[in-house]
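Colleague: Below you will find the structure I want to go over with you.
The values are calculated or read from the model by the stated rules, or taken from the named source; none is laboratory data. The shown structure was predicted, so the numbers you read here are calculated from the model rather than taken from an experiment. Ideal geometry is used to build each Cβ from the backbone, glycine not excepted, and the neighbour counts take in all protein chains shown. The area values use the complete protein model at the heavy-atom level, side chains included, leaving out ligands, DNA and RNA. Shrake-Rupley method; radii C 1.70, N 1.55, O 1.52, S 1.80 Å.
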Amino acid sequence: MAKRVDRGHADLSEVTDLARAAGYEVVASLTQTRDQDPAYHFGEGKADELAALVAREDADVLIIDNEVGPYQTFNIGSKLPEGVEVIDRFTLILDIFGQRAQTRKAQLQVELAELRYELPRAEVKASLAKRDERPGFMGLGEYDESRERDIKSQISRIKDELDAIAETEEKRREQRRESGFDLVALAGYTNAGKSTLLRRLADDLDVEENAERHPDLDSTAESRDQLFTTLGTTTRRANTGKRDVLLTDTVGFISDLPHWLVESFKSTLDSVYHADLVLLVVDASESVEEMREKLVTSHDTLYERNEAPIVTVFNKADRLNDDELRRKREALSALAPNPVCVSGLMGTHIDTLCERVEAELPEWKRERLLLPLSDDAMSLVAWIHDNGHVEREEYDGQQVDIEFEAPPSVVERARSQAAEVERDAAPESVESA
């Protein structure tokens, strides 16, 4: 594998993890610090060195941890042994996404990203075909003059289907809010431990009890030490205290993603952008520099569309002592003010996180209702118990006095139903008098 940077040190740790996640064995690497060469991306001398390294290691694939233009891909490929495939950073990421996509939405998003990646390359294939320079060489694909039209048509079709899915999911979010649920999203860099944290917070029994009410709830996210284990979204009911919380785990962020790739996964990220609260999860066992870079990446991804308050969670805190944690909190205070330090794996300080979630969620309204005793009144009381937090409930033989806290939508609905209960009870009261 290879990487070029304009300045500084070329770090290959992330692309190594990506390559392994895609199923590749890394046999050798090469880096260069210099401005990008328009013809070869690397300098031509370095491209020759790279070709010699590929030949010496008898490699089947060359992975370049940069976005490499189609002409540059062709030029580099012309120096390599025949049959060696050139994969740039984003082709590698799409390869992983394609392997992990299980749901219809995830598959559509991967297909959309692949088509957006291929579209500008269609013009290059046309140019190479006109010059008779083997446009199929090095993964560019054989040129078909109708291919560009086909790509645009497929992009339009997929966007329409994803828009329909997004509309359905937005209605579902509103229905959940109307039912008294707060929506909390887990966000953060890939492999930060979001899925493990979800498993720790998930209240599986409550989910099963509500299966008919929320048939779309997926099984708890799988936890692996692997990038992009979670590609779609996984939603579970979480037990944080008095609030009814639905917690959603999403695809992990990654650095240097182009706009077209982030945009392709907008439907998945909507669960983060439109949550009531975002838990931004960071791997606290990494260095301060790595944590800072990943926090910046995460904030950049959330910046334009996020509507909710953000609580930073330093996960994997069991791997550090108190002094190390304190040092990292101080060093990153500008990006992560007042973070919650937990271990999703060990369950350490999960209670503190739950308290913080309840404190940061939108404030509930307090309400008191006096209801004439009736079957309808008791049904309303039961509904309030299911959708709010009852602080006092008293009976005097003829009426029930109930005081509770709940989301504004639940309070409004309770008031409306209480008015109906009183109207229905009024004729009976007059008749008995």
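Colleague: Checking Thr91 against (1) open to solvent by 40 Å² or more (accessible area, probe 1.4 Å); (2) touching a helix residue (DSSP H, G or I) at 6+ places or on another chain (Cβ under 6 Å), only one condition comes out false. Which one?
Modeller: (2)
Colleague: List every residue pair whose Cβ atoms lie under 7 Å apart, where the two residues are 6 or more positions apart in sequence or sit on different chains, the first residue falls within the stretch 55-75 and is at pLDDT 90 or above and open to solvent by 30 Å² or more (accessible area, probe 1.4 Å), and the second residue, located anywhere, is assigned to a loop (DSSP other than H, G, I, E, B) and of a type in the set (Gly, Ala, Ser).
Modeller: Sorted first by the residue in the stretch 55-75, then by its partner, the pairs are Glu57/Ala28; Asn75/Ala39.
Colleague: Which residues, counting only those in the stretch 1-18, are open to solvent by 50 Å² or more (accessible area, probe 1.4 Å), assigned to a loop (DSSP other than H, G, I, E, B) and either of a type in the set (Lys, Arg) or closer than 19 Å to Ser287 by Cβ (or both)? Before the answer, list the steps.
Modeller: The first filter runs over the stretch 1-18 and keeps only residues open to solvent by 50 Å² or more (accessible area, probe 1.4 Å), leaving 6-9, 11, 13, 17.
Retained after the next criterion (residues that are assigned to a loop (DSSP other than H, G, I, E, B)): 6-9, 11.
Across the stretch 1-18, the qualifying residues are Arg7, Gly8, His9, Asp11.
Colleague: Restricting attention to the stretch 2-39, and to residues there that are touching a residue at least 40 places away in the same chain (Cβ under 8 Å) and of a type in the set (Asp, Glu), which single residue is farthest from Asp58 (Cα to Cα)?
Modeller: Taking the candidates together, the pick is Glu14.
Colleague: For Val281, which of the numbered conditions (1) over 25 Å from Ile93 (Cβ atoms); (2) surrounded by 14 or more Cβ atoms within 10 Å (Cβ to Cβ); (3) β-branched (Val, Ile, Thr) fails to hold?
Modeller: Tallying (1) over 25 Å from Ile93 (Cβ atoms); (2) surrounded by 14 or more Cβ atoms within 10 Å (Cβ to Cβ); (3) β-branched (Val, Ile, Thr), Val281 fails exactly one: (1).
Colleague: Here is a further query. I need a count of the residues in the stretch 383-405 that are in contact (Cβ under 8 Å) with a residue 60 or more places away in the chain and exposed (fewer than 12 other Cβ atoms within 10 Å of the Cβ).
Modeller: 0
Colleague: I would also like to ask the following. Please name all residue pairs, on different chains or six or more residues apart, with Cβ atoms under 8 Å, provided the first residue is in the stretch 87-113 and is farther than 20 Å from Ser29 by Cα and the second residue is of a type in the set (Asp, Glu) and modelled with pLDDT of 85 or more.
Modeller: Cβ pairs passing all conditions: Leu94/Glu114; Gly98/Glu114; Leu108/Glu161.
Colleague: Go through (1) part of a loop (DSSP other than H, G, I, E, B); (2) open to solvent by less than 30 Å² (accessible area, probe 1.4 Å); (3) of a type in the set (Val, Ile, Thr) one by one and return the number of the condition Val26 breaks.
Modeller: Exception for Val26: condition (2).
Colleague: Given the criterion hydroxyl-bearing (Ser, Thr, Tyr), touching a helix residue (DSSP H, G or I) at 6+ places or on another chain (Cβ under 8 Å), within 29 Å of Gln175 (Cβ to Cβ) and surrounded by fewer than 16 Cβ atoms within 10 Å (Cβ to Cβ), identify the matching residue among Ser416, Ser374, Ser379, Ser409. Don't jump to the end; show me each part of the working.
Modeller: On the way: Ser416 fails: touching a helix residue (DSSP H, G or I) at 6+ places or on another chain (Cβ under 8 Å); Ser374 fails: surrounded by fewer than 16 Cβ atoms within 10 Å (Cβ to Cβ); Ser379 fails: touching a helix residue (DSSP H, G or I) at 6+ places or on another chain (Cβ under 8 Å).
Exactly one residue qualifies, and that residue is Ser409.
Colleague: Output the residues belonging to the stretch 326-377 that are among the aliphatic types (A, V, I, L, M) and free of Cβ contacts under 8 Å to residues at least 24 places away in the same chain. So that I can check it myself, show each step before the final result.
Modeller: Residues of the stretch 326-377 that are among the aliphatic types (A, V, I, L, M), as a first pass: 331-332, 334-336, 340, 342, 345-346, 350, 353, 357, 359, 361, 369-371, 373, 377.
Residues satisfying the conditions are Ala334, Ala359.
Results for (1) more than 24 Å from Ala164 (Cβ to Cβ); (2) assigned to a helix (DSSP H, G or I); (3) over 14 Å from the mean Cα position of the chain (by Cα), shown as yes or no for each residue.
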| position | (1), (2), (3) |
| --- | --- |
| Thr248 | no, no, no |
| Leu261 | no, yes, no |
| Glu286 | yes, no, yes |
| Asp300 | yes, yes, no |
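Colleague: Name the one entry in Ile93, Ile87 that is outside any helix (DSSP H, G or I), of a type in the set (A, V, I, L, M) and closer than 24 Å to Asp150 by Cα. Outline the logic, then answer.
Modeller: Numbers: Ile93 fails: outside any helix (DSSP H, G or I).
Going through Ile93, Ile87 in turn, just one is outside any helix (DSSP H, G or I), of a type in the set (A, V, I, L, M) and closer than 24 Å to Asp150 by Cα: Ile87.
Colleague: Here's something else I'd like to know. Please find, among Glu174, Glu222, the residue that is open to solvent by 20 Å² or more (accessible area, probe 1.4 Å), at pLDDT below 85 and closer than 26 Å to Glu405 by Cβ. Give the steps one after another, and end with the answer.
Modeller: Working: Glu222 fails: closer than 26 Å to Glu405 by Cβ.
Being open to solvent by 20 Å² or more (accessible area, probe 1.4 Å), at pLDDT below 85 and closer than 26 Å to Glu405 by Cβ holds for just one of Glu174, Glu222, which is Glu174.
Colleague: Then there is this: What single numbered condition from (1) in contact with a Gly (Cβ under 8 Å, 6 or more places away or on another chain); (2) modelled with pLDDT under 75; (3) among the basic types (Lys, Arg) fails to hold for Arg131?
Modeller: All conditions pass for Arg131, except number (1).
Colleague: State yes or no: is Arg200 at pLDDT below 85 and crowded, with 17+ Cβ neighbours inside 10 Å? Reasoning before the result, please.
Modeller: Numbers: at pLDDT below 85: no; crowded, with 17+ Cβ neighbours inside 10 Å: yes.
No: the conditions fail for Arg200.
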